[in-house]
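One structure is given here, and the rest of the page talks about it.
Laboratory data are not the source of any read-out in this text; all were calculated from the coordinates shown. Just so it is clear, the structure is predicted and the values come from calculations on it, not from any experiment.
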Amino acid sequence: METVRQEAKNAHLCPRGHVATICIRAFKGRRDVLVHLFRPDWNPEETGYDWSELVQEDPDTDPTTRRGDSRAVLLESFTREEMDQIVEYLANRYADRLTRISINSLEFPLPAGLLPLSSMPEGKDIGRIRFEIVPRYPLPFAVHGLYDLSQHKPMDQGMTQP
C-alpha cells in the first residue's frame, strides 16, 4: 500500500483543510474503487472561522439560489492530526485491501458553490462507508467514505458462460 501526500502551496488559514481518498483493491464486485473520506458531522463552534479568507464568495450569485456549500466542504475536511490518525488506522487495519491512500490539502480560498460529500444521495451506485460502525473502531471522531461504483470497472468474472 502506497501513501501519497500533497501539501497546499499556500499556508493553512485554519486547522481544517486536509482531505483523503483511498483506493480499495476489490469492493462490491469492482476493482480499484476510489473512496473519498470526510467528516459526516461537526460541532457548532467549528463554524466560527473567518470565512472571508477561506471561501471566495461570488458577488454575482444570489446566496439563496446557490447549489453548493463550500463552508460545509471545509467542515467535512480533517485537521493534520486527525488525518495522521486516519492514515495509521487504515494502514494497520486495511493495508492488505488498499492500494493507495492519497492525502491532499485544500487550497484557499475555496471557490463558492462546492458540493459537500455529505450532500450526495446514496443509491444504486453511490454509497457510503461508515467506518465508525466497524467493530473495534479506535478513532474519537466519525469518518465516512463516499464511493461511486459506476466509475469503476467490474472485476473480471473469469470464464464466461456460452
Subject >> Over the chain: Kirkwood hydrodynamic radius from C-alpha pairwise inverse distances, Å >> reply: 17.3 Å
Subject >> Crossing angle, helix 80-94 versus the chain [Cα axis fit, 0-90 degrees, rounded to tens] >> reply: 10 degrees
**OP:** Please list the non-local residues whose amide H lies under 5 Å from the amide H of VAL143, H modeled 1.01 Å from N, same-chain partners needing a gap of 5 or more.
**Re:** PHE131, GLU132
**OP:** Show which lysines lie in cross-link reach of LYS28 when reach means a straight Cα distance below 30 angstrom and same-chain residues fewer than eight apart are skipped.
**Re:** LYS124, LYS153
